[in-house]
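All remarks here apply to the structure that follows.
Every number here is computed from the coordinates shown, using simple stated rules; none is lab data. Just so we're clear, the structure is a prediction, and the values are computed from it rather than from any experiment. Please note: Cβ atoms are built from the backbone with ideal geometry, for glycine as well, and neighbour counts cover all protein chains shown.
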Amino acid sequence: MDANYQGLFYAIEKSIEKKKQLFDSSLVRYAVRAMLATLFLTLGTAIAVITAQAAEKVVHGSGKFLYSFMFSWSLVMIIYMNAELGTSNMMYTTVAVHRKLLTVRKASAILFACLLFNLIGGTLASYLVSLTSVFQDLPADHFLFTAIEGKLAKSPVQIFTEGIFANVIVNTAVYCTIRMKDDAGKVIAMIFIIFIFAFLGFEHVIANFASFPLAFFTSTSSIAGMTGSAVAINWILAALGNFAGGGLIIGLTYSWLNKGNHNYLD
């Protein structure tokens, strides 16, 4: 393979270096970019659940379809606004360790900071969205609340397994945006790929950093199964599954596939 080859992993390595440089030079700026990711996810979740609720009144069963379509725009905003998303950084940090671009300690610090500020950003954004007029006095059977009840009713095995698939899908979308040059193509690819995990209801810990607080702040009555321990278990198991899917299955596997002196490189 030509030493000057610049493919997918050249771009990924450049992104890793950029993340490391920002983290080392200004933790505050890195934290803000992480909080922006869940701001966009909260906005995507908000419009998705409101659209789904309205659609259900017109055609029963259409809510989930429109929810998945509208939610998919969250990743478009995150990618184009250069925000730091924990689930994609599971892939980036794993690749970085495999390629010896970061130590395990440094990679872990970056990923932990990203997840922490994703959570802070999602909680703050959800609270502010809950103050808007459209989220006042939502009915107990609102699409948002029934969706959260469904998440909380899942078994630990289901949460972990769905977390794996969710982040396989998310990082496939990220890879596509890196490889594609045309902006319209990138947007279309992201929407239809993210639609898969949103429609199937898979567990994405950062999305849950937005949806759980939004449900909590907007509910006027108790949500079935919503306790502190249940939410924590969901977040932990979803995060572990997300790491297995995005970090190991996509990140580590493709990093290994693209190492070595051979022509079949991405």
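Worth pointing out:
- Set Lys64/Lys181; Lys19/Lys106; Lys106/Lys259; Lys20/Lys181 screened for pairs whose C-alpha atoms are more than 20 Å apart: Lys64/Lys181; Lys106/Lys259; Lys20/Lys181
- Convex hull projection area averaged over all views, segment 86-128, Cα basis, nm²: 2.7 nm²
- Rounded to the nearest 0.05, the FRET efficiency derived from the C-beta distance between Met81 and Leu124 at R0 = 25 Å is 0.90.
- The phi-based Karplus calculation (6.51 cos²θ - 1.76 cosθ + 1.60; θ = phi - 60°) puts the 3J(HN,Hα) values of segment 20-36 at 4, 4, 5, 4, 6, 8, 7, 4, 4, 5, 5, 4, 5, 5, 5, 5, 5 Hz, whole numbers, x for Gly and Pro.
- For segment 1-131, projected area of the alpha-carbon convex hull averaged over all directions, nm²: 10.3 nm²
- Computed from the Cα positions only, the extents of segment 94-206 along the three principal axes stand at 51, 36, 32 Å, in decreasing order.
- When the charge dipole of segment 40-179 is built from unit charges on Cβ atoms (+1 for Lys and Arg, -1 for Asp and Glu) and taken about the Cα centre, the candidate among Ala46, Val174, Gly163 whose Cα reaches farthest toward its positive end is Val174.
- Going from the fewest other Cβ atoms within 10 Å to the most, the residues Leu252, Leu85, Leu36 appear in the order Leu252, Leu36, Leu85.
- Degrees between helix 205-218 axis and first principal axis of the chain (Cα, 0 to 90, nearest 10): 20 degrees
- For the chain, the spread of Cα positions along each principal axis, largest first, Å: 61, 35, 33
- Cβ-Cβ FRET estimate between Ser25 and Thr220, R0 fixed at 35 Å, reported to 0.05: 0.20
- Residue among Ala230, Ser62, Asn258 farthest towards the positive dipole end of the chain, charges placed on Cβ: Asn258
- Against the chain, whose longest principal axis comes from its Cα atoms, helix 86-98 is set at around 20 degrees.
- Ascending count of other beta-carbon atoms within 10 Å, so fewest first, for Glu13, Glu162, Glu56, Glu203: Glu13, Glu56, Glu162, Glu203
- Cα long-axis angle, helix 62-71 against the chain (0 to 90 degrees, to the nearest 10): 40 degrees
- A Förster radius of 45 Å combined with the Cβ-Cβ distance from Phe112 to His60 puts the calculated FRET efficiency at roughly 0.55.
- Assigned charges on the beta-carbon of Lys, Arg, Asp, Glu; segment 1-107 dipole about Cα centre (debye): 280 debye
- Inter-centroid distance (Cα atoms) of segment 121-173 relative to segment 57-87, Å: 11 Å
- The charge dipole of the chain, taken about the Cα centre with unit charges on the Cβ atoms of Lys, Arg (+1) and Asp, Glu (-1), comes to about 700 debye, rounded to the nearest 20.
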